[in-house]
Structures are given as C-alpha cells and as structure tokens.
4 protein chains.
Amino acid sequence: MATRIEPFLLVNFKTYLESTGKKAIELALKLEKVGAETGVRVGVAPQFSDIERVAANVEIPVFAQHIDPIVPGAFTGHVLAESVSAAGASGTLINHSERNLKLPEIEKSVVHAREVGLTTVVCAGTARLGAAVALLEPDIVAIEPPELIGSGRAVSKEKPEIIVESVRRIRSVNGKVMILCGAGITTGEDVLAALKLGTQGILVASGIVKAPVPEGVLRDFCEAAQKYSQN
Amino acid sequence: MATRIEPFLLVNFKTYLESTGKKAIELALKLEKVGAETGVRVGVAPQFSDIERVAANVEIPVFAQHIDPIVPGAFTGHVLAESVSAAGASGTLINHSERNLKLPEIEKSVVHAREVGLTTVVCAGTARLGAAVALLEPDIVAIEPPELIGSGRAVSKEKPEIIVESVRRIRSVNGKVMILCGAGITTGEDVLAALKLGTQGILVASGIVKAPVPEGVLRDFCEAAQKYSQN
Amino acid sequence: MATRIEPFLLVNFKTYLESTGKKAIELALKLEKVGAETGVRVGVAPQFSDIERVAANVEIPVFAQHIDPIVPGAFTGHVLAESVSAAGASGTLINHSERNLKLPEIEKSVVHAREVGLTTVVCAGTARLGAAVALLEPDIVAIEPPELIGSGRAVSKEKPEIIVESVRRIRSVNGKVMILCGAGITTGEDVLAALKLGTQGILVASGIVKAPVPEGVLRDFCEAAQKYSQN
Amino acid sequence: MATRIEPFLLVNFKTYLESTGKKAIELALKLEKVGAETGVRVGVAPQFSDIERVAANVEIPVFAQHIDPIVPGAFTGHVLAESVSAAGASGTLINHSERNLKLPEIEKSVVHAREVGLTTVVCAGTARLGAAVALLEPDIVAIEPPELIGSGRAVSKEKPEIIVESVRRIRSVNGKVMILCGAGITTGEDVLAALKLGTQGILVASGIVKAPVPEGVLRDFCEAAQKYSQN
C-alpha cells in the first residue's frame, strides 16, 4: 500500500451466499461506488474463487481472506500467496478468528506475503495478541474480539477498553502498523467510535454483507469516517 | 457426471507455479486439446482462485482441489462448495493426502458437495481407507499411496498389489463407484497398467504439470487409455 | 480382549474435575465394585495422567481416551501407545467426536495400538462412518451421534433408528467387531434399549461421572444389562 | 517458581522409548542425582502418563510437555492443566515446535496454567516469535530453532546470532521472563555458550535422553553451568 490513505474500511465477504459468485461482483461494485462518492478508502475480501472476477471489475483493493503458509509446490487444496496475487488480490487477511493459524505459520505467512507483494492484515482477538502479531511487522493489525463478531454489538461501543488497550499495547511495540478494529460494527456511530479510540479503520462483515441495503450501511460508515477525518 | 465416460484422466494442478494464474489457463487449454484429439476424457483441478478463469476458457470438467465441510455462513478463509460451483467447477477432490480431513468432515463434505451438484472424488492412501471412503458413496474414489506421490515411480508398476487390493476391497462394498489411482504416474505404460488392474482412470499431478512438455505426456497417457478402451 | 464378555459398559472420564486425580481413583474403585457385584463387565477411560494410578488400584480394564498416530520418537506433547500401555492401559478410544482424527491417522492408530496390544475402540457419529471405521478392523466400534452427547436424551430411546442402521451397516462389512453405542445414556432403561437394538454395550460419560451418585447409576445400568443377558 | 534459581536445565523426555514408563522414573532419578551433586537446578518433562510416577519419585520440578487450551469439561482425549497438576507437575511446556498451537490457544493455555499454578514454558522457533510469546508473560520462554532440534549441532554454537537476537527482542518487551534456549545441545561447551549469550538455561531432549550415558552428559552440562555461575 504505497499510498496509505486513512481511514480504511475493509469488508470481509466471508462465505455468505449474499457475497458469493456474481453477487460478490455486484456487491463489490456497489461498495466501490460509495467509497468513490464519499472519498473514503474501501477494500473488499471475497472468497478465493471470486477474487479474479471481483478484481477484474473494481479498482478498489481486493484482499484474500487467508493464505496458507506455503511456497509453490505440492500442496493440493492449499491457498498460495502467488495464486491470489495472480488473480488480482493486493493483500490478504491472515489469522482471522475463523481461520486461526499456528504461531509459526503466521510468521511464515507474513514473510511470504510480503515477498509476493501482498498487503498483510493480521487479525487478533485480544490486546495482548494484537501486540504479539504487531511484532511480526505486518502492514495492518485488525483487532476483533471473537465473542462480538456477528453480534451486532459493536466492539467500539460495547468494549471500548479492548480497543484502547489494544492500541496502547500495539503502539508500545510497533509505531507504524495500521490498526483496524472489528466485530459487531453496524452503524456510522460505531465507526466513529472506533476511529476516536485510535484505530485507523474497521474490518466489517455481516454488518454490511447481511444488511438489506449494504451500500446504505457503507455510506453511513463512510460519512462517519469522513466527518472524523475532517476534524 | 450424468454421462460417465471412461477412462478418465484427472490432472491436479496443485500449487505449482507452472499451473498458477495465466499458466493455469494455458495448461488447461493444451490438455483439453489433447483430450479432444484423442477422444479421451480429461479433467483439470486448478487452484481455487484460478477455477473461474479456467472454467471460462475450457469445456472439459474443472474440479476444485478441496472444499471445506461448511455451509454458507461466517467461515472466513474457508472454501465453500457453492462458491467453487458458482465459479464453474463441476466437481471437487476431497481428502487428498496433502489436505486430509477429519473423518466426519469427509462425510459432511461429500453430502454437501452432492447437494450442490459437484462430482466428488474422495482420495485415500490405502486399500482399506479406499473401501472406507467408498462407503460414503462418492462418485469417484482415488487411490494414491502418499509415499509414491511425486516420486516418478508409478503405483501401477511399483505397487500393483495396492491397486488390486484397493479395487477388490472397494468393489466388495460399492459396486458402482468409479475408481482412479495415482502417484508416480509418468508414462502411457503406467496408465495402461493402472487400467488393466481394474481402475477407470488416473489422478496425476507432477507427471504432467512439471513435465517439459505437459501436452506430450498427456498425449502418451491418452493414447494408452485409448488403446485400452478399444480392446 | 482375549475373553470377550458381553455386555460391556465403558465409562469415559473425559476431563471432568469429578474424575480427575484422586477422584479418578475413587470413582474407578466404586465402579469396579458395582461391576463385581452385578457380574457385568465395566471399564474406565481416565485422563492420560491418571491412567497409571487408576490401573494400579483396579482390576477392571483401563482405557486411554486417545492415542496419537505416532511411533516412539521426537513427538513432544503427544500420546504414545507404548506409554499408555506401560502405564497400565489395556485399550484406547480412537477418534472420539471430541478428538476426531484425520482419516489416515485413524488407520495408523488402530494398527499401532494393535501392535502394542491395546484393545481399540474406534468412535463414529453416524451409521455410515461406523461401517467405514469397522473396515479398519478395530476390536470395538462405538456409535455416538455427537448432537446427543451429554444431552441426557439417550440415543437408544430418542434415535433408535441410528443404532439399528449402524448395526446393520457395520454388520454388513464386519461380522465380529463388538458394537457399543452412547450419547445421552442415563438410565438402565436406556441401556436395555441399546442392547435390544443389537449393540453389545455402551459408552457413557456424563451420565455416570456427573451423577450425584455415580455408582447408583452404574448399578441401574448393570442390572439392566444383567437382565438382558439372562433372557 | 517461587525461588528462581539459575541456570535451569530442563530435560524434555519427548516420546522416546528410552524415557517411557519405568525408564522415565529411572532416568529422572539419575538426572536428579546429578543436579543435587552439582548444585544445578534440573527439571524433567516426561510423557503425560508418566508424570504421576515420576513426580512421586523425585523432588526436582516435573513439567508436562503440553496442555490443551481447555477448562474442565467434556474434552475427551485432551490434556487438562488441572490433571497434570494433580499428577504432580509443577509446570508445562506450551507450543513446542512438535506441538504448535494456534495463536489464541497459546494465550488461553498460559492464562489457564497460571490459574492452576503451573510454571509456563512457552516455546518459539525464531527471535520474533520469542518476543511475541514473551508479551503473553509466561514464566519462561524457550527458543528452539526447529531446524536444529535433534541435529547434534548446537544452536548456541552454530547459530549464536539467533540467541543474541532472541534475547535482545525478548528483553525489549519483557524484562523479567526467564529465557532458555535449545536445539542440538550435546556438550557442556554448548551449554556454556548458551549461558554466555544471555540465556538462563537450556531445554534439551535427545542430547540427554538418547545418549549412551545420560547422567554423564548431564554432569558435563551441569559442570559448565556451575562454572558459568561462579564467574
């Protein structure tokens, strides 16, 4: 990410039907449009088999949801960094709470992703683990308390102390990593709260993908982010 | 696989650079051409993020290398059967020795793949395990002794007794499943040996993908298969 | 199990505090007493670190709850068949639904346990998987639908069709394996139902371990088993 | 570890037959004797099913080789901290390279072990990962480059820079954690080198367990440690 523009709103498509196949393209296009109109940086993380066609249709950054800690070779059924990169991904999530890795695998994945030129977003569920992964020098650390994921109760409102503590601990070991937070984010107010607590953006999934009008929710998020940036 | 055409040669692209991204498309096109010219049924199993563009470029069946035992939902970084199907895959490998699953996961994957309309190829490394997975009623069982994978020593020549025993055990519990074998297959002679032992085709990876002229090797395979069929 | 005595009631101590450390010994002694008094064969499966002292205090068979698919060597933190055998275990559970193994690991564990002289109890959650593991020729197959484990709703009463179908499928591929069932068993009536459906005993955990008077519940079980045997 | 005595030599028994069952007790007794005679603190980490009888026979600290990230409950085949503690262990290894855990599991294991009163030794294979786990505030961090484990080529002689860098990185985030190193240690000279590089002891396995005269090798280690302490 040569030009770091904040705040950054990253939408994880997970394996929802609402964001699979053609719907992944349609959703990405809608979200891109809102980002362009509001001037807020938006990214999307579709499923592996949707990366290529999503990337072919949008200009916004496309992330993989995971890569395996492998180099090219005989690894049937694994996800190779080179492969998602060739499909058009510019970055990848690593160690999402729904796809946790063994500790040495995280380091290997970060190193290999960097070699391949992928922006790395390493996820962690607690403040301590956020600092631990920040030591591996990814581009971005995303803090998501697993117990709030998909809950509709925003971490930035329900458990602001987790974000405060995460930012404090991460910053004590890494001054430059971008920090996102996520879990339960559904309104612009939640986004604003997250930014005020010292994060540089959010990671969101069901709050957008499962919303009746995803682009409406993202617009609410972006307007909050815009307002925050202008202050 | 409404119309079952035998023999079937399935080429696993694994995560080799020689079969990633644009090279996956090029390779698939070359292999399709050989299949068409020889009249032998050929399939390819590219990486997840290459499925869509490979499927968009060839008519031959495209398989995923793995699916996760999940239904649509919050499963970041997982491989959803619906997703690979939407990308154009008509089937999937399950439980390859490089991506073994826990036992109940295999059953769930087979059931869910069937619901989604994917042809299932469940892999097993021994005769006993071949029969065990045949009880789950996949479309195809592929026998690959892991110790011979990538060895260049063909299972059908080096360890024919494994194939004989696999066919015997599988047939004692499942009369209709298609049986493939693989591991170390590099020549038409290896393919012929496999068919003579009672299999209906082969699963091959490095023997084709890492060959200097993959389409030449496949032609050798197909001619052997053709010769066998005509007898 | 040179002398196969039926029915067999195997009590899994899991990792409950009620069956840890000294309480494991006390519980095993109480259960042994009931078995002796009723003439019904009872076995116990304590935690790894309790096997030695439980086995030193009782005459009934002691089972490990799991072994890893390893041979002696550099496998820190793993459970070696030779080790639980040296501690006094005469058998082991394999592939319990709370400790599922990858498919080839099950085969390796069964083979290695047999070499070491351990009686093998391979668990499966469905009828099909029960038959699949029966092909590996363990001494015992235990059918436990995971959704009923710890539910207090006995599989033999709530879902008798699962047991019937399991027995049918297992017997179609293996005429001599002993069949246990489990999940939700809390009364002698549940045990009687299980035996009438064609099983040779039960696998039970919370129904005994978490009961206010475990030996009272086991007595109820044993009396039902005894009654069944005499008919 | 109320009284922290340095240096500390911790012998991992792994799953070697030479340190299984009765041989675990005999080996622990021999090692204890050398520690007592040389005044150097020695600990042992036998297999789960040997903890109780080893702990009943020696006064030196006994460690488990692993605990699972669980609390008491329905976790068949898992290793409960309370269980190894009840058997007499005073500490446990966590995340050994032969038993790596997912990142959040490491945090849970450290927290739960502490609640149960177990001394925690968290292993890491690289300097960065050493610092990452040091943030979780275990009692001890053990640095073991996996590629040197069991090699007979001592990390402290072959790759001193890894130790130097590990100590530097760990100390930058945690001033009080004890640091051990391991991998390939076979002589007193290797131990001396490790201590001189800023560690407080070593973690060793095959160098002792597989030696023709384990107590002789440990004596060599202890004399080196003693010499270092007196300077």
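The values are calculated or read from the model by the stated rules, or taken from the named source; none is laboratory data. Keep in mind that what you see is a predicted model, and the values were worked out from it rather than measured. Heads up, the Cβs are rebuilt from the backbone with ideal geometry, glycines too, and the neighbour counts pull from every protein chain shown.
Could you pull out the residue among A:Gln230, A:Gln200 that is of a type outside the set (Ser, Thr, Tyr) and at pLDDT 95 or above?
The conditions single out A:Gln200.
Just one of A:Ser166, A:Ser156 is crowded, with 24+ Cβ neighbours inside 10 Å and within 14 Å of chain D (Cβ to nearest Cβ); which is it?
A:Ser166 is the lone residue from the list that is crowded, with 24+ Cβ neighbours inside 10 Å and within 14 Å of chain D (Cβ to nearest Cβ).
Quick one: in region A:202-231, of everything that is more than 20 Å from A:Glu6 (Cα to Cα) and touching a helix residue (DSSP H, G or I) at 6+ places or on another chain (Cβ under 6 Å), which residue is nearest to the other protein chains (Cβ to nearest Cβ)?
Among those residues, the one meeting the criterion is A:Val209.
Restricting to region C:178-208, what's the tally of residues that are β-branched (Val, Ile, Thr), surrounded by fewer than 23 Cβ atoms within 10 Å (Cβ to Cβ) and under 14 Å from the mean Cα position of the chain (by Cα)?
Going residue by residue through region C:178-208, those that are β-branched (Val, Ile, Thr) are C:179, C:185-187, C:191, C:199, C:202, C:204, C:208.
Still in the list and also surrounded by fewer than 23 Cβ atoms within 10 Å (Cβ to Cβ): C:179, C:186-187.
Then drop every residue that is not under 14 Å from the mean Cα position of the chain (by Cα), which leaves C:179.
Count: 1.
Kindly establish whether A:Pro146 is closer than 19 Å to A:His66 by Cβ, at pLDDT below 95 and surrounded by fewer than 21 Cβ atoms within 10 Å (Cβ to Cβ).
Yes; evaluated as a whole, the condition is true for this residue.
Can you tell me how many residues within region C:104-121 are within 12 Å of chain B (Cβ to nearest Cβ) and either assigned to a strand (DSSP E or B) or not basic (Lys, Arg) (or both)?
Final tally of qualifying residues: 7.
What do you reckon, is A:Leu101 touching a residue at least 24 places away in the same chain (Cβ under 8 Å) and touching a Lys or Arg at 6+ places or on another chain (Cβ under 7 Å)? Walk me through it before giving the result.
Working: touching a residue at least 24 places away in the same chain (Cβ under 8 Å): yes; touching a Lys or Arg at 6+ places or on another chain (Cβ under 7 Å): yes.
Answer is yes for this residue.
How many residues does region C:127-153 hold that are of a type outside the set (A, V, I, L, M, F, W, C), away from every other protein chain (no Cβ under 11 Å) and not in a loop (DSSP other than H, G, I, E, B)?
Residues flagged as of a type outside the set (A, V, I, L, M, F, W, C), away from every other protein chain (no Cβ under 11 Å) and not in a loop (DSSP other than H, G, I, E, B) within region C:127-153 amount to 1.
May I ask you to list the residues in region B:67-103 that are on the phi > 0 side of the Ramachandran plot, at the interface with chain A (Cβ under 7 Å from one of its Cβ atoms) and part of a loop (DSSP other than H, G, I, E, B)?
Of everything in region B:67-103, just one residue is on the phi > 0 side of the Ramachandran plot, at the interface with chain A (Cβ under 7 Å from one of its Cβ atoms) and part of a loop (DSSP other than H, G, I, E, B), namely B:Gly77.
Scan region B:40-55 for residues that are facing another protein chain (nearest Cβ under 9 Å) and among the small types (Gly, Ala, Ser) and report the count.
2
Does C:Glu115 satisfy the criteria of being modelled with pLDDT of 95 or more, more than 15 Å from the chain's Cα centre (by Cα), acidic (Asp, Glu) and buried (at least 18 other Cβ atoms within 10 Å of the Cβ)?
no
So, of the residues in region D:217-231 that are under 18 Å from D:Ala154 (Cα atoms) and small (Gly, Ala, Ser), which turns out to be surrounded by the fewest Cβ atoms within 10 Å (Cβ to Cβ)?
D:Ala224
Kindly check whether there is at least one residue in region B:181-188 that is of a type in the set (A, V, I, L, M, F, W, C) and within 12 Å of chain C (Cβ to nearest Cβ).
Within region B:181-188 (the criterion being of a type in the set (A, V, I, L, M, F, W, C) and within 12 Å of chain C (Cβ to nearest Cβ)), the answer is no, since none of the residues qualifies.
Kindly indicate which of A:Gly216, A:Gly150 is farther than 18 Å from A:Thr92 by Cβ, within 16 Å of the chain's Cα centre (by Cα) and without any contact (Cβ under 8 Å) to a residue 60 or more places away in the chain.
Within the list A:Gly216, A:Gly150, the selection yields A:Gly150.
Determine which member of the set A:Ala124, A:Ala64 is away from chain B (no Cβ under 11 Å), buried (at least 24 other Cβ atoms within 10 Å of the Cβ) and in contact with a Gly (Cβ under 8 Å, 6 or more places away or on another chain).
Matching residue, one of A:Ala124, A:Ala64: A:Ala124.
Given the conditions (1) at pLDDT below 95; (2) assigned to a helix (DSSP H, G or I); (3) among the β-branched types (Val, Ile, Thr), report the number of the one that D:Ile185 does not fulfil.
Here D:Ile185 clears every test but (2).
For the subset of region C:14-50 comprising residues that are in a loop (DSSP other than H, G, I, E, B) and in contact (Cβ under 8 Å) with a residue 40 or more places away in the chain, which member is surrounded by the most Cβ atoms within 10 Å (Cβ to Cβ)?
Taking region C:14-50 first, the residues in a loop (DSSP other than H, G, I, E, B) are C:14, C:16, C:20-21, C:39-40, C:46-47.
Applying the additional criterion that residues be in contact (Cβ under 8 Å) with a residue 40 or more places away in the chain yields C:14, C:16, C:39-40.
Values: C:Lys14: 28, C:Tyr16: 21, C:Gly39: 11, C:Val40: 25.
Per the criteria, the residue is C:Lys14.
Spot the failing condition for D:Arg53; the list is (1) more than 26 Å from C:Lys23 (Cα to Cα); (2) touching a residue at least 12 places away in the same chain (Cβ under 8 Å), and only one is missed.
The failed condition is (1).
Among the numbered criteria (1) over 26 Å from B:Cys222 (Cα atoms); (2) buried (at least 24 other Cβ atoms within 10 Å of the Cβ); (3) small (Gly, Ala, Ser), which one does B:Ala74 miss?
Every listed condition holds for B:Ala74 apart from (2).
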